[in-house]
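Trainee: Please see the structure below; I have some questions.
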Amino acid sequence: MRVSVVEVASSWRDIREVTSRAGHYRAELAVLGASKGIDFRWHDPDVSATELAASDALLLLVLSGGTEQLGMSVISRWKGPLAILAHPGDNALAAAIEMLALARSTGHAGIIIQASPGWRDGVSLAFALAKTHASLRRATIGSLGSREVEIMTPWALEGAVSEVWGPQLVHLPLGQLVRYSREADMQAAQDIVDEMRAQAPRVVEPDARAMLGSARIYLGLKRIVEEHGLDAVAVHCFALLTPLANTGCYALARLNDEGVPATCEADIPSCLTMLFMRYLTSAPSFLANPSSIDLGSDTVVFAHCSIPPSMCATYSLRSHYESNLGVGIAGELEPGPVTVVRIGGKDLREIYAASGRLVECGDREDLCRTQLSVRFDRPEDARLLLSRPLGNHHMIVRGDWTHQINQYCSYFRD
């Protein structure tokens, strides 16, 4: 990632003091760049818009007060997100606050980082968020088929995805997936079946025919992803039951492990959520339904059939729960911290993000195959699922990412 750094200081300040401050920050940022893979490029305040445009983000280093006009002249030549690093003294923070207020009023996304102990972590996070933002704005989500019930009309949904979060949404015929699955190379499909058998410690319902059909759906879906340059895909998987007598569970799980967020039931808000979390965490997530909510223990059971195998300590190959067809995955995960996330609400402007702890995995036969019991850190987060849900499907990702999610929304959302 390339970041332009511009220092601003008042001409009334002692030049030796300003030079000393600047040297300190240059040395610290050099260490940060080497450890995080950030290419910091230093510029004078009169840097041109063309030079700035060659970078992915802007860091404005405010070394003193009395710099508002100089800083805003730099910001006026910049089109993307910015971070303002304020020296801890000499009225630098006051100037930084004024700059950000003016910048946000003209449509810039930005954040202030105070140069107090730990500031390098703040800078690193700011540019990780900027990278997520840039990746979303370059992304394309494919939708194969449509849901029977959707939160808004297709054209409004397409506009909300693009305008609020960035990705372009393209609608593709589900029939293309049916055709490509039928055309899939038999030997390639058989090789995938052999991988399934070799990697899964236990196979319950799926026979050779079911596994071969699931492998062909995976190959067909991967072909569509590659042909259309998709970064994520949402599939109306129930519509595959009749023409293919199989399901998309295995295909979606495997694509997620390969870095392509893939959701079932043509759920575009969930696909957007999964893509956001992939860019933010570089990790796969598990789309699941809340199946029971115990407000006494603040514990929610989430279940579904398409968990990415890489998230599991071990797993079994089962059938898809509702249809008893195809290949679903019954995963068992190690206990530990998780984040539950969902984008939704009016124009997709709301996000639900709750931290908790995965306490156990279930094996009930009346639920989808992978069953995770999550105890929420805050009781109100469990209650919100019953009082103000943003939708049924939620993404579960390993680790507590609520701080990063909240910072992203503070940085880039109104």
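Trainee: Given (1) assigned to a loop (DSSP other than H, G, I, E, B); (2) of a type outside the set (A, V, I, L, M, F, W, C); (3) at pLDDT 95 or above, identify the lone condition not met by Gly331.
Mentor: All conditions pass for Gly331, except number (1).
Trainee: Report, by residue number, each residue of the stretch 82-108 that is at pLDDT 95 or above and of a type in the set (S, T, N, Q).
Mentor: Answer for the stretch 82-108, where residues must be at pLDDT 95 or above and of a type in the set (S, T, N, Q): just Asn91.
Trainee: Can you tell me which residues in the stretch 53-74 are farther than 18 Å from Arg26 by Cβ, more than 29 Å from the chain's Cα centre (by Cα) and assigned to a loop (DSSP other than H, G, I, E, B)?
Mentor: Correct list: Gly65, Gly66.
Trainee: With respect to Glu380, is the statement that it is acidic (Asp, Glu), free of Cβ contacts under 8 Å to residues at least 12 places away in the same chain, more than 30 Å from Gly80 (Cα to Cα) and surrounded by fewer than 21 Cβ atoms within 10 Å (Cβ to Cβ) true?
Mentor: Yes: the conditions hold for Glu380.
Trainee: Please work out which one of (1) more than 19 Å from Ile97 (Cβ to Cβ); (2) surrounded by 12 or more Cβ atoms within 10 Å (Cβ to Cβ); (3) of a type in the set (D, E, K, R); (4) touching a residue at least 12 places away in the same chain (Cβ under 8 Å) is the condition Glu68 fails and give its number.
Mentor: Evaluating Glu68 over (1) more than 19 Å from Ile97 (Cβ to Cβ); (2) surrounded by 12 or more Cβ atoms within 10 Å (Cβ to Cβ); (3) of a type in the set (D, E, K, R); (4) touching a residue at least 12 places away in the same chain (Cβ under 8 Å) leaves (1) as the failure.
Trainee: Which ones in the stretch 293-314 are assigned to a helix (DSSP H, G or I) and either touching a residue at least 60 places away in the same chain (Cβ under 8 Å) or outside the structural domain of Gly229 (by TED's automatic domain parsing) (or both)? Full working, then the answer.
Mentor: Restricting attention to the stretch 293-314, the residues satisfying the condition of being assigned to a helix (DSSP H, G or I) are 309-311.
Matches in the stretch 293-314: Pro309, Met311.
Trainee: Read through the list (1) touching a strand residue (DSSP E or B) at 6+ places or on another chain (Cβ under 6 Å); (2) in a helix (DSSP H, G or I); (3) not polar (S, T, N, Q), then give the number of the only condition that Ala128 fails.
Mentor: (1)
Trainee: Which one is surrounded by the fewest Cβ atoms within 10 Å (Cβ to Cβ) among residues in the stretch 339-357 that are within 23 Å of Tyr250 (Cα to Cα) and of a type in the set (A, V, I, L, M, F, W, C)?
Mentor: Selected residue: Val341.
Trainee: Among the residues of the stretch 42-52, are any assigned to a helix (DSSP H, G or I), among the hydrophobic types (A, V, I, L, M, F, W, C), assigned by TED's automatic domain parsing to the domain that holds Pro117 and surrounded by 17 or more Cβ atoms within 10 Å (Cβ to Cβ)? Can you show your working first?
Mentor: Within the stretch 42-52, the subset assigned to a helix (DSSP H, G or I) is 49-52.
Next, from what is left, pick out any that are among the hydrophobic types (A, V, I, L, M, F, W, C): 49, 52.
Now narrow it down to the ones that are assigned by TED's automatic domain parsing to the domain that holds Pro117: 49, 52.
When the remaining residues are screened for being surrounded by 17 or more Cβ atoms within 10 Å (Cβ to Cβ), the result is 52.
Checking the stretch 42-52: at least one residue is assigned to a helix (DSSP H, G or I), among the hydrophobic types (A, V, I, L, M, F, W, C), assigned by TED's automatic domain parsing to the domain that holds Pro117 and surrounded by 17 or more Cβ atoms within 10 Å (Cβ to Cβ).
Trainee: Name every residue in the stretch 390-408 that is exposed (fewer than 15 other Cβ atoms within 10 Å of the Cβ) and either part of a helix (DSSP H, G or I) or without any contact (Cβ under 8 Å) to a residue 12 or more places away in the chain (or both), in order of residue number.
Mentor: His403, Asn406
Trainee: Right, next: Out of Arg16, Arg77, which single residue is of a type in the set (Lys, Arg), more than 19 Å from Ser116 (Cα to Cα) and part of a helix (DSSP H, G or I)? Show your work before the answer.
Mentor: On the way: Arg77 fails: part of a helix (DSSP H, G or I).
None of the other options fit; the residue is Arg16.
Trainee: Cβ-Cβ under 7 Å, sequence separation 6+ or interchain: first residue in the stretch 83-102 and charged (D, E, K, R), partner not in a helix (DSSP H, G or I). Which pairs?
Mentor: Asp90/Ser64; Asp90/Gly65
Trainee: Let me ask something else about it. Does the stretch 268-292 hold any residues that are crowded, with 21+ Cβ neighbours inside 10 Å and outside any helix (DSSP H, G or I), and which are they?
Mentor: Pro284, Ser285, Phe286, Leu287, Ala288
Trainee: OK, next. Could you say which residue among Ala95, Ala34, Ala27, Ala101 is part of a helix (DSSP H, G or I) and touching a Ser or Thr at 6+ places or on another chain (Cβ under 6 Å)?
Mentor: Working: Ala34 fails: touching a Ser or Thr at 6+ places or on another chain (Cβ under 6 Å); Ala27 fails: touching a Ser or Thr at 6+ places or on another chain (Cβ under 6 Å); Ala101 fails: touching a Ser or Thr at 6+ places or on another chain (Cβ under 6 Å).
Unique residue meeting the criteria: Ala95.
The values are calculated or read from the model by the stated rules, or taken from the named source; none is laboratory data. Computed from a prediction, not measured in an experiment: that's the story for all the values here. Counting neighbours? That spans all protein chains shown, and the Cβs are built from the backbone with ideal geometry, glycine included.
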